[in-house]
Amino acid sequence: MRRRVRPAEPDATQGKAWRAAGRPRTYNQYGGMMHMLAALDLATGKIYYRIRQRKRWREFLGLLKARSRWPGEKLYMVLDNSSPHKHTEVRTWAADNDVELVFLPTYGSWLNWIESEFAALRYFALNGTDHRTHTEQNAAIGAYIRWRNARAEPKTNFAPESPVRKWTEIPSQGRLTQLYDLRMSDRSLADEELQTARLSLRRPIEADIDAIFAIHSDPGTCLHNPSDALGQLEEAGELYQRWNDQWHSCGYGYWVVRRHNSALQLGFCGIKPMELNGMKVLNLFYRFATSAWGHGFASEAATAVTTWASRRIPDLPLIARVRPTNAASQRVAVRAGLTRAEHLDGAGYDGFDWIYAAKLRN
């Protein structure tokens, strides 16, 4: 399992409005992003972790090699469907070292017990803090993990009375869950292209990897979302694989945006299923090459995607997560038919998120 961590992360939510005097709630985080990879041993309740600058299959394989702590027995690793977890090198190493990779259902990572441990880590070690460096933050994380592991107990009887464990019972959001799962398994839409007055939107292919890298390695395109920036072509290939995995599992995802009768990739726009504050939603994404800015392409593509989503997936709310300082992205969200939903605002990967939404349920 992985979590992104970064220094200078004050908790300024309602009721806990700590922050340095005169400093805006969404000030820049110049320390960049680090990634926490962790494993929870259910037999002892202890957490084993590493913090790395990258989150590729190589870093994940490094965590897996902690299996030497359990010699002479088969190890079952429960994890989500992230592409680094499924890399050929990872699968080969696991098979050679008696490790079985147990993948959770798509978008079912909440079933993994370690998710609650990440929530506790954030609450006890990160919320309300203002770490100046990653070294300082890593020390706080390490201190909490040591304190927690000293008091760890075996993990047993996980939610024994939960209706999730019973095939004959459906939780209170059962109807929505069924609709959501139905949409996830409906791959009949996978080859559908979207057309607008000027643009054509199609599913990504491997030949788009160079364009994915070119756009995501441009400092201007990821100015407000620095954790999305790519530094190597290999990372673009991994990103493409994640996009392609979603297309395989859902039948929709991110489209490549081009002008009619042109092979040049202007950018990418699409939707991804996720959870926001416990609510299943579709997240609207758009990112365009800086050379395509100022022509209304993002608004035109986003409008086409939101129209498609409203027609094809009407049961799920649509949201866009936007930085408060990104006025251009805010305009795109509004032109695509979304409106501000201040009650859903909250902390995101790279700072505070403003939420724009459509089709919200009462």
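Computed quantities for the displayed model
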read-out	value
Residue in the stretch 233-249 that is within 18 Å of the chain's Cα centre (by Cα), at pLDDT 95 or above and either among the small types (G, A, S) or crowded, with 19+ Cβ neighbours inside 10 Å (or both) present	no
Residues within the stretch 65-93 that are out of contact with any helix residue (DSSP H, G or I) (no Cβ under 7 Å at 6 or more places or on another chain), assigned to a helix (DSSP H, G or I) and over 20 Å from Q232 (Cβ atoms), tallied	7
Single unsatisfied condition, K55 versus (1) crowded, with 18+ Cβ neighbours inside 10 Å; (2) in a helix (DSSP H, G or I)	(2)
Cβ-Cβ under 6 Å pairs, at least 6 apart or on other chains, the stretch 296-317 side not assigned by TED's automatic domain parsing to the domain that holds A328, far side of a type in the set (A, V, I, L, M) and surrounded by fewer than 20 Cβ atoms within 10 Å (Cβ to Cβ)	none
In the stretch 125-159, the residues that are aliphatic (A, V, I, L, M) and not in a helix (DSSP H, G or I)	A152, A159
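The values are calculated or read from the model by the stated rules, or taken from the named source; none is laboratory data. Only a predicted model underlies this, so the values are computations on that prediction, with no experimental measurement involved. Methodologically, a virtual Cβ is constructed for each residue, glycine included, from the backbone with ideal geometry; neighbour enumeration extends over all protein chains shown.
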